[in-house]
Structure formats: C-alpha cells, structure tokens
Amino acid sequence: MSPRKRLAALAALLVALVAVAVLVTRPKASTPHSANLSRSAVSSALAGSPPALASLHTQRNQLLPGGTAAFQARLKKLRGHPVVVNEWASWCEPCQSEFPVFQRVSVHLGRRVAFIGLDSRDSNAAAGAFLGRFPVSYPSYTDPSQKIASSLQAVGGIPQTVYINSKGTQVFDHAGPYESTASLETDIKRYVLR
C-alpha cells in the first residue's frame, strides 16, 4: 500500500472513530414526562365551569366514538365558547413532548376555553395507554381514518391544533407541536380569546 493510500485510510478511520465517539457520548433525548397534575387540583381549577365546558370535563381523558357526526354535534353544543382541537396520536413523538403543555393549559384556561382531542390514525388500545401516561382534562374523539380531521381541513402532519372561535368559525390552524405553555396560551389569546 502506498503512503498516500495509507494516509487516506488512516484519515477515513479517524473520521469514523470521531463519528462513533460523538454518537456514544451524545446525551440521549429525554423522555417526555407528564405534567403530573393531581386530580383534586384539576377538579378545583375547573370548578364552576359553564355547563358546556363542564360536560367536557366530566369526560376527561376518555376516547369518544361517533365519528364526524358526534364531533360536529359537540362543536354545535360548544357555540358561544372558543374551542381548541388538538389532533394527536400515540405513535407521534412530537405529540408526546407537546402533551404536558396541553395538560397544563387546558386546566389553566379550561373554564373559558373548550379543549377537545382528536386521536388520528391510532388504535384505541395504544391511545388509551398514551392517555394513561398523559391524562388530560378533556375527551378525545377517535379518528382512525382522519374523517374528522378532513372535516376541519386538518389532514397535514400530526400534531396539529385547530382554533374555532365562539361563533363556530375556524380561525387558525397550527401545524406542529407546541413546545411551551406560553406559546400555546399566546395563540389561544391571539385567535380565540380576543
């Protein structure tokens, strides 16, 4: 082997070793953790909610069937209140990082804003296990074939958050996860709590 080929081989080996060292020493992504809000704290924060919102709270953390008809009927009952619809799935990693944000904000603003989940392209077993890890103060409608999402024109990536004003008009669609409570609260105040 010529000195030039040896030098090239040594350089390639050095690059490979550096790449391996970076992968081995790089910190692993942290697993998202639930906001761990106690049931009594959630109940206390949501006490005195208007009846339409209280009906959501009584179905907290449940997966609801019924498809588009049931979902649209619920939206009709929520007229007069702003609605935030969060499309999620148990297999969606960004949803896992965003759910603690929704756990906190739905409790903080749940007496003024209706929150509804939309579990898309998922199985009920996987979604139920996910909600066991990340319990929320509102129900989610099952949407395995994204028919409800289609009715909202929200068939992009997951997660996706749709804002509906108190008159029942869809006013904003946020694609991607919310990384902080401040960013979610800012959009809620900007689009539906004006």
Pick from segment 137-156, criterion in contact with a Phe, Trp or Tyr (Cβ under 8 Å, 6 or more places away or on another chain) and more than 12 Å from Glu87 (Cβ to Cβ), ranking: surrounded by the fewest Cβ atoms within 10 Å (Cβ to Cβ) | Tyr138
Hits in segment 157-169 (condition: in contact with a strand residue (DSSP E or B) (Cβ under 9 Å, 6 or more places away or on another chain), surrounded by fewer than 23 Cβ atoms within 10 Å (Cβ to Cβ) and among the hydroxyl-bearing types (Ser, Thr, Tyr)) = Tyr163, Ser166
Among residues of segment 146-166 being touching a residue at least 60 places away in the same chain (Cβ under 8 Å) and in a loop (DSSP other than H, G, I, E, B), the residue nearest to Cys95 (Cα to Cα) is Pro159
Here are some residues: Arg112, Arg104. Which one is open to solvent by 50 Å² or more (accessible area, probe 1.4 Å), at pLDDT 95 or above, within 16 Å of the chain's Cα centre (by Cα) and basic (Lys, Arg)?
-> Arg104
The residue from Ala19, Ala41 that alone is open to solvent by 40 Å² or more (accessible area, probe 1.4 Å), at pLDDT 80 or above and out of contact with any helix residue (DSSP H, G or I) (no Cβ under 6 Å at 6 or more places or on another chain) is Ala41
Could you tell me which residue of segment 63-93 is surrounded by the fewest Cβ atoms within 10 Å (Cβ to Cβ), considering only residues that are out of contact with any Leu (no Cβ under 9 Å at 6 or more places or on another chain) and among the basic types (Lys, Arg)?
-> Lys76
Can you work out which of the residues in segment 106-142 that are in a helix (DSSP H, G or I) and touching a residue at least 40 places away in the same chain (Cβ under 8 Å) is farthest from Ser180 (Cα to Cα)?
-> Asn124
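The values are calculated or read from the model by the stated rules, or taken from the named source; none is laboratory data. Note that this is a predicted model, so its numbers are computed, not measured. Please note: Cβ atoms are built from the backbone with ideal geometry, for glycine as well, and neighbour counts cover all protein chains shown. Remember, those area values only see protein heavy atoms, side chains included, never the ligands or the DNA or RNA. Shrake-Rupley method; radii C 1.70, N 1.55, O 1.52, S 1.80 Å.
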